[in-house]
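The values are calculated or read from the model by the stated rules, or taken from the named source; none is laboratory data. Computed from a predicted structure; not experimentally measured. When we count neighbours, we look across all protein chains shown, and the Cβ atoms used for this are built from the backbone with ideal geometry, even at glycine.
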Amino acid sequence: MVSTAYKIINGKKYLYAEHSFRLPDGKVKKLSKSIKEEKDKDSKEVKDYFLEKQVKAYQDYALLKYKPDSILNKEQIKKLESIRVEYKEMLKRFTKKQIQDILDRFTVNFTYESNAIEGNSLTLKDVTLILGENLVPKDKDLREVYETRNTREAVELLFNNKIKITIKDILKIQAVIVKDTGVTLGFKKLPNYIKMRNLETTPPEKVEEEINKLIEWYDENQGRIHPLKLATEFHARFERIHPFEDGNGRTGRILLNTILLEEDYPPIIIRKTARVAYFSSLEAFDSGHKGKLERFFLDKLKQTFENFFKVYVKYL
């Protein structure tokens, strides 16, 4: 929010627009710009000036905190910080009705794509009818309808900040995801496998131990490694454990976005058209090549912001 204040300089009175914001480490940074009249504080010129300065401050902070590498080089880190600030400021400018509208649209898109990755046959139109009109399309598999409604409930928990990276919330998400589908709740009782990946998952008797280790790793590294890298590795390691009878992928993608939203980055939609690339990137991670999955999520974050959130703003 932009305010105004007068400053006395060399005995003369000058009017300034002022804006303050908080960096990720909690430090508050204050900005000011000279203006002629009170109304100028709401001008596009002043808003663009403060946005540019805020982006620069976030970029400087991130480049000092995180060491660039071949994937998250300086250019990409700066791009991510620009997206982070734009996304935060975008949500601040929206009315409550606009925020609800864009979250409803995101939920439909995310639900359709996330479920389609797992083989759900409902079309985007079907999902829109189920979520928007509470109608069940004729001759559709009820299990797929329940999966759609359940994913919406999980996304609502996500955006209402009701999910944390804890064992309790991980179990809660899976319970929501598979509700009414006949899937056993809680950690798996029998061994399972991962579609399109030649990998042995964690045996049932070791799942809780491995999930606790993963959460400990997350807690230790939050704030130490770049949030995108943190989200990437958490997601890959979670999927490698494959802790549930069913709902692992959908739960994992909710957790991925939980970590990103926690750090004020926009959430990611992985399109079903990227299914093969997604599984291939996870398989590469399992073989010790983390960069492919990091690059995949970096691209998807940028694409979701540009092609979903910014397009929405364009048509407002």
Are any residues in the stretch 240-255 surrounded by fewer than 24 Cβ atoms within 10 Å (Cβ to Cβ) and over 16 Å from ASN150 (Cα atoms), and if so, which ones? ARG240, ILE241, HIS242, GLU245
If we keep only residues of the stretch 136-170 that are under 25 Å from LEU282 (Cα atoms) and among the aliphatic types (A, V, I, L, M), then the residue surrounded by the fewest Cβ atoms within 10 Å (Cβ to Cβ) is ILE167
Across the stretch 161-183, what is the number of residues that are over 16 Å from the mean Cα position of the chain (by Cα), part of a loop (DSSP other than H, G, I, E, B) and among the aliphatic types (A, V, I, L, M)? 2
In the stretch 150-199, which residues are β-branched (Val, Ile, Thr) and either out of contact with any helix residue (DSSP H, G or I) (no Cβ under 9 Å at 6 or more places or on another chain) or under 24 Å from PRO227 (Cβ atoms) (or both)? THR151, VAL155, ILE163, ILE165, THR166, ILE167, ILE170, ILE173, ILE177, THR184
Could you run through the stretch 98-115 and say how many residues are hydrophobic (A, V, I, L, M, F, W, C) and either surrounded by fewer than 14 Cβ atoms within 10 Å (Cβ to Cβ) or modelled with pLDDT of 95 or more (or both)? 3
Does THR201 satisfy the criteria of being assigned by TED's automatic domain parsing to the domain that holds LEU256, crowded, with 18+ Cβ neighbours inside 10 Å and under 18 Å from LEU122 (Cβ atoms)? no
Is there a residue in the stretch 28-40 that is in a loop (DSSP other than H, G, I, E, B) and outside the structural domain of ILE269 (by TED's automatic domain parsing)? yes
Quickly run through the stretch 4-27 and pick out the residues that are under 16 Å from GLU89 (Cβ atoms), assigned to a strand (DSSP E or B) and touching a residue at least 24 places away in the same chain (Cβ under 8 Å). ALA17, HIS19, PHE21
Can you spot a residue in the stretch 4-22 that is loosely packed, with under 15 Cβ neighbours inside 10 Å and under 21 Å from the mean Cα position of the chain (by Cα)? yes
Working carefully through the options GLU118, GLU133, GLU86, find the one that is modelled with pLDDT of 95 or more and either surrounded by fewer than 16 Cβ atoms within 10 Å (Cβ to Cβ) or acidic (Asp, Glu) (or both). GLU86
In the set LYS53, LYS41, which member is out of contact with any Gly (no Cβ under 6 Å at 6 or more places or on another chain) and modelled with pLDDT of 95 or more? LYS53
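A quick yes/no check of all residues on (1) over 26 Å from PHE187 (Cβ atoms); (2) without any contact (Cβ under 8 Å) to a residue 12 or more places away in the chain:
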residue	(1), (2)
PHE238	no, no
ILE241	no, no
ILE254	no, no
GLU263	yes, no
THR273	yes, yes
PHE279	no, no
LEU282	no, no
ASP286	no, no
Check every one of the helices (runs of 4 or more DSSP H) wholly within the stretch 248-316 and list those with 1 or more residues that are at negative phi and in contact with a strand residue (DSSP E or B) (Cβ under 6 Å, 6 or more places away or on another chain). none
